[in-house]
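Bear in mind these aren't lab numbers, they're just calculated from the coordinates by the rules spelled out. On a predicted model such as this, the values are computed, not experimentally measured, just so you know. All Cβ positions, even for glycine, are placed from backbone atoms using ideal geometry, and neighbour counts span all protein chains on display.
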Amino acid sequence: MSKPKSSNPKKIKKPWWRHALEILGILLVIYGVMLWNERHLLSSENNIQAPKQMLVGLDDNVHSMPIENQKQLLYFFAPWCSICDLSIGNIETQKQGLLDKGYQVRYIALDWQSRQEVMQFAKDKKLTFPVLMGTLETLERYKVKGFPTYYLVNEKGEITAGTQGYSTSLGVWLRSLSS
């Protein structure tokens with residue numbers, strides 16, 4: 001009588017470096033997608049000046065963008081955007097760290113239907129930095145093609161970094177180190 005064949009053949013264990021290569025491959029794909037999404041943003045390489053604009057805030061004051069001699073994080077969002085809804089809290093989480101590094105944050109609402117819609121979003125998210133009512137001109141001048149879009153601006157008004165899409169608290173903090 002012959003022995004029955006095992007229905008569970010022994011699995012061959014991959015060496016650790018194969019797992020590392022697979023993880024590296026996944027990270028490279030994610031990085032490539034990020035670069036593709038950000039191809040249209042204002043460049044941080046050639047000391048491009050952030051477009052100057054005056055916008056009305058929810059506080060009814062007129063705000064200059066960018067602020068002269070002030071580092072800033074400009075966060076462009078749409079009140080209907082689910083990714084914005086998830087990521088805007090990460091900026092609030094980094095509030096003290098951003099302030100300690102000398103950054104002022106400006107939230108700029110784009111693609112909104114009414115001021116009330118933006119006010120409700122700001123209230124629901126408990127936003128502590130000024131919320132400005134962006135315009136179609138703002139959208140075009142800052143080359144916003146998707147939400148959220150972030151720009152870091154240095155004291156000279158130059159764009160030092162830009163990204164589009166979800167960013168974690170750690171991501172916000174790391175980007176603030178580069179400026």
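Things worth noting here:
- The helices (runs of 4 or more DSSP H) located wholly in the range 49-128 that include 2 or more residues which are under 20 Å from Gln164 (Cβ atoms) occupy 82-93, 115-125.
- Number of residues in the range 147-164 that are in contact with a Gly (Cβ under 7 Å, 6 or more places away or on another chain) and surrounded by fewer than 17 Cβ atoms within 10 Å (Cβ to Cβ) equals 0.
- Only one of Thr128, Thr149, Thr160 that is of a type in the set (Ser, Thr, Tyr) and under 19 Å from Asp60 (Cβ atoms): Thr128
- Whether a residue is of a type in the set (A, V, I, L, M) and in contact (Cβ under 8 Å) with a residue 60 or more places away in the chain was assessed, and Leu98 passes this test.
- Flag for Gly146 being under 19 Å from Ser167 (Cβ atoms), in contact with a strand residue (DSSP E or B) (Cβ under 6 Å, 6 or more places away or on another chain) and among the small types (Gly, Ala, Ser): yes
- Residues of the range 129-146 classified as crowded, with 22+ Cβ neighbours inside 10 Å and not in a strand (DSSP E or B), total: 3
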